[in-house]
Structure formats: structure tokens, C-alpha cells
Amino acid sequence: MKRGIIFEEQDVNEDSTARAEFSRRGLQGVPAFLIGDQVVVGFDRQKIESLLDYSIVGCNECNARMRVPKNKGNIIVTCPKCRNKFKMST
């Protein structure tokens, strides 16, 4: 954990599982960051920080995954796929 951010570092040169995942995603450069469902290749601090302000949640109706903001208290989320609305605490 660094600056309150929990992360797992994987070396694609040393770890065959990490290398397979890297290849499966079609990534071509390092560093590569997987944040939720999003991939950032290269060190783009602004993009990385913007992704860290969200969580990935699944709709309980259609299982679509979506980003919701963190630390906003109780919110109502509308699924962009099926339009299901549900309350959640962030």
C-alpha cells in the first residue's frame, strides 16, 4: 500500500501468469495499470487518479458492470444497460 492505495505489482518478465494476462489483453507497453475494468498503459497520473475515485459495481438485474463514485454517501445508481435503479452506500 502506498499513499493509501492498495495495489499488487506483477512483473511480466518474471511471472508467467502476469505475462499471459498481459498478452490476453493485447497490451504492448509497460507500465500497465488495471484499475477496475480499465487499463492504462504508461504513467498517466491524471487518468490513474481519476479511475481511483470510482468503484466497479454490478447491476443486480442484468450483471452489467459500471463505475460509481467513491465517498459520496448514499446514492441512487441507474444501470446504463437495463435502466434498473438501486440505492447503494459509497
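What follows draws every value from the coordinates through simple rules; no lab data is involved. None of these values were measured; they are calculated from a predicted model. Cβ placement follows ideal geometry from the backbone for every residue including glycine, while neighbour counts extend to all protein chains displayed.
Remark on T90: its backbone amide H falls under 5 Å from those of K72, G73, N74, I75, a criterion applied only to residues 5 or more positions apart or on other chains, H modelled at 1.01 Å from N.
Applying 0.36 nm per residue to the separation of L27 and I6 and subtracting their alpha-carbon distance, the gain on full extension is 5.3 nm. Each part reduced to its alpha carbon centroid, the range 1-46 and the range 64-90 end up 26 Å apart. In the chain, helices alone account for a calculated mean residue ellipticity at 222 nm of -5000 deg cm²/dmol, with every DSSP H run of four or more residues adding -39,500 (n - 2.57). Which one of V40, F22, C82 has its Cα pushed farthest toward the positive end of the charge dipole of the range 18-86, where Lys and Arg give +1 and Asp and Glu give -1 at the Cβ? Toward the positive end, the furthest listed residue is C82.
Taking one quarter of the surface of the convex hull spanned by the alpha-carbon atoms of the chain gives a direction-averaged projected area of 7.3 nm². Run the paramagnetic zone check for K47: 7 angstrom along Cα to Cβ, then residues of the range 6-38 with backbone nitrogen under 17 Å. From the range 6-38, the list is 22-23, 25-38.
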